[in-house]
Amino acid sequence: MEEIKTITPDEVEAKLEAGENLELVDVREDDEVAEGIIKGAKHIRMNDIPATLDYFDKEKEYIFICRSGGRSANVAHYLQEQGYKVVNMVGGMLEWNGEVIVK
């Protein structure tokens, strides 16, 4: 299995503050996202990923986010095997210090 690229929450926050257009995908459950999501992140529950492959573009790189980094790593492995460009945000929302929006 090919290794997944990783990024820290602080690195994601710095890129967002620098105005970079990131493709963020939050794979947590609805009740977790209700507590706050990174502005601009798309919410697709982990179990819904296989049914939503048409959302993803193989030319773009996606950063996957969950609570601690475990589920997002699983999703990243799955999508990388399908030929997508993926990055896992290690530490997840537990280590996110930036702004969140509550939906």
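Data table
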| read-out | value |
| --- | --- |
| Residues of region 3-17 that turn out to be surrounded by 13 or more Cβ atoms within 10 Å (Cβ to Cβ) and part of a loop (DSSP other than H, G, I, E, B), as a count | 2 |
| Single condition GLN80 does not satisfy, out of (1) surrounded by fewer than 17 Cβ atoms within 10 Å (Cβ to Cβ); (2) assigned to a helix (DSSP H, G or I); (3) out of contact with any Lys or Arg (no Cβ under 7 Å at 6 or more places or on another chain); (4) touching a residue at least 24 places away in the same chain (Cβ under 8 Å) | (1) |
| Residue tally, condition surrounded by 17 or more Cβ atoms within 10 Å (Cβ to Cβ) and either out of contact with any His (no Cβ under 8 Å at 6 or more places or on another chain) or more than 19 Å from GLY91 (Cα to Cα) (or both), over region 33-44 | 4 |
| Qualifying position, being modelled with pLDDT of 95 or more and either crowded, with 18+ Cβ neighbours inside 10 Å or in contact with an Asp or Glu (Cβ under 9 Å, 6 or more places away or on another chain) (or both), among GLU95, GLU59 | GLU95 |
| Looking only at region 43-57, and only at residues there that are touching a strand residue (DSSP E or B) at 6+ places or on another chain (Cβ under 7 Å) and not aliphatic (A, V, I, L, M), the one that is farthest from ARG28 (Cα to Cα) | PHE56 |
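The values are calculated or read from the model by the stated rules, or taken from the named source; none is laboratory data. Fair warning: this is a prediction, and the values are worked out from it, not measured in the lab. Positions of Cβ are generated from backbone atoms using ideal geometry, with glycine treated the same way; all protein chains shown enter the neighbour counts.
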